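Heads up, the thing below is written out as structure tokens.
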Amino acid sequence: MKLPYEEGSVFVLPLRSGGFARGVVARSPRRGRVLLGYFFGPRLETSGEATFDDLHPNLAVARIRFGDLALMEGRWLIIGKIPGWNRADWPIPDFVRRDPISKKAWLVRYVNDEPLRSVSELLSNYDDLQLLDSDSLFGAGAAEAKISKLLALQQN
């Protein structure tokens, strides 16, 4: 089955508070299912307002691993592809897995082509990894909630 997206695809997703945000598929294994995406503000009133000109990896409000069901079902609308897409410009970031009880943390790295398979998990100092995103896998609803919250915080 041909996937409706590919690396570099730009999509819009609905926000919980109304409006839309944009996302970019940064990694897509051949069979899809678990992707890595970069997500962007600001909040858009309509999906038709979405542009590509300000989509730069360093401006993303979140970089997360997520399931592709909303893209497959068309709930997240694919609106095009980044012109001159270069996957090297959109790396898989390091993530952190934390245990708040033991105060242990693990730096988690994923295989460059497979955002579902970690290549290493290194025990690290809990406080050293505070700026990294948590190692999580989001469904569509959880991703929408997270991006909605981040964009609301950005507006305030």
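Values in this text are rule-based calculations from the coordinates and carry no lab data. Quick caveat, the model's predicted, so the values are computed rather than measured. Using ideal geometry, Cβ is built from the backbone for each residue, glycine included, and neighbour counts are taken over all protein chains shown.
Relative to the longest principal axis of the chain, what angle (0 to 90°, nearest 10) does the C-alpha long axis of helix 140-155 take?
90
Computed FRET efficiency, Cβ-Cβ of Met72 and Phe52, R0 25 Å: what is it to the nearest 0.05? Show your work: numbers first, answer last.
Numbers: r = 22 Å, r/R0 = 0.89.
Efficiency computed from Cβ-Cβ geometry: 0.65.
Based on other C-beta atoms within 10 Å, arrange Trp106, Trp90 from fewest to most.
Working: Trp106 18, Trp90 23.
Exposure proxy ranking, most exposed first: Trp106, Trp90.
Go ahead and estimate [θ] at 222 nm for the chain from helices alone: -39,500 (n - 2.57) per DSSP H run with n ≥ 4, summed, over the residue count, rounded to 500.
Numbers: 2 runs with 21 residues, N = 156.
Here the helix-only value at 222 nm equals -4000 deg cm²/dmol.
What are the lysines whose alpha-carbon lies under 30 Å from the alpha-carbon of Lys2, with same-chain residues fewer than 8 places away excluded?
Excluding near neighbours in sequence, the set is Lys81, Lys146.
Using unit Cβ charges (K, R positive; D, E negative) and no other charged atoms, how large, in debye to the nearest 20, is the dipole of the range 51-156 about its Cα centre? Could the numbers behind the result be given before it?
Working: 13 positive and 15 negative charges, 44 e Å.
So the dipole magnitude of the range 51-156 works out to roughly 220 debye.
Give the order of Glu45, Glu114, Glu7 when sorted by the count of other beta carbons within 10 angstrom, beginning with the fewest. Don't skip to the end; give the middle numbers.
Details: Glu45 9, Glu114 15, Glu7 19.
Going from least to most buried by this count: Glu45, Glu114, Glu7.
Which aspartates and glutamates, if any, have their Cα less than 20 Å from the Cα of Lys104, not counting same-chain residues under 8 positions apart?
Cross-link targets: Asp94, Glu121, Asp127, Asp128, Asp133, Asp135.
Please list 96-105, 13-22 highest first by mean number of surrounding beta-carbon atoms within 10 Å per residue. Write out the running numbers ahead of the final one.
On the way: 96-105: 12.9, 13-22: 18.3.
Ranking, from highest mean packing down: 13-22, 96-105.
In debye to the nearest 20, how big a dipole does the range 28-67 give about its Cα centre with +1 on each Lys and Arg Cβ and -1 on each Asp and Glu Cβ? Could you put the intermediate results ahead of the total?
Working: 6 positive and 4 negative charges, 108 e Å.
Magnitude of the dipole: close to 520 debye.
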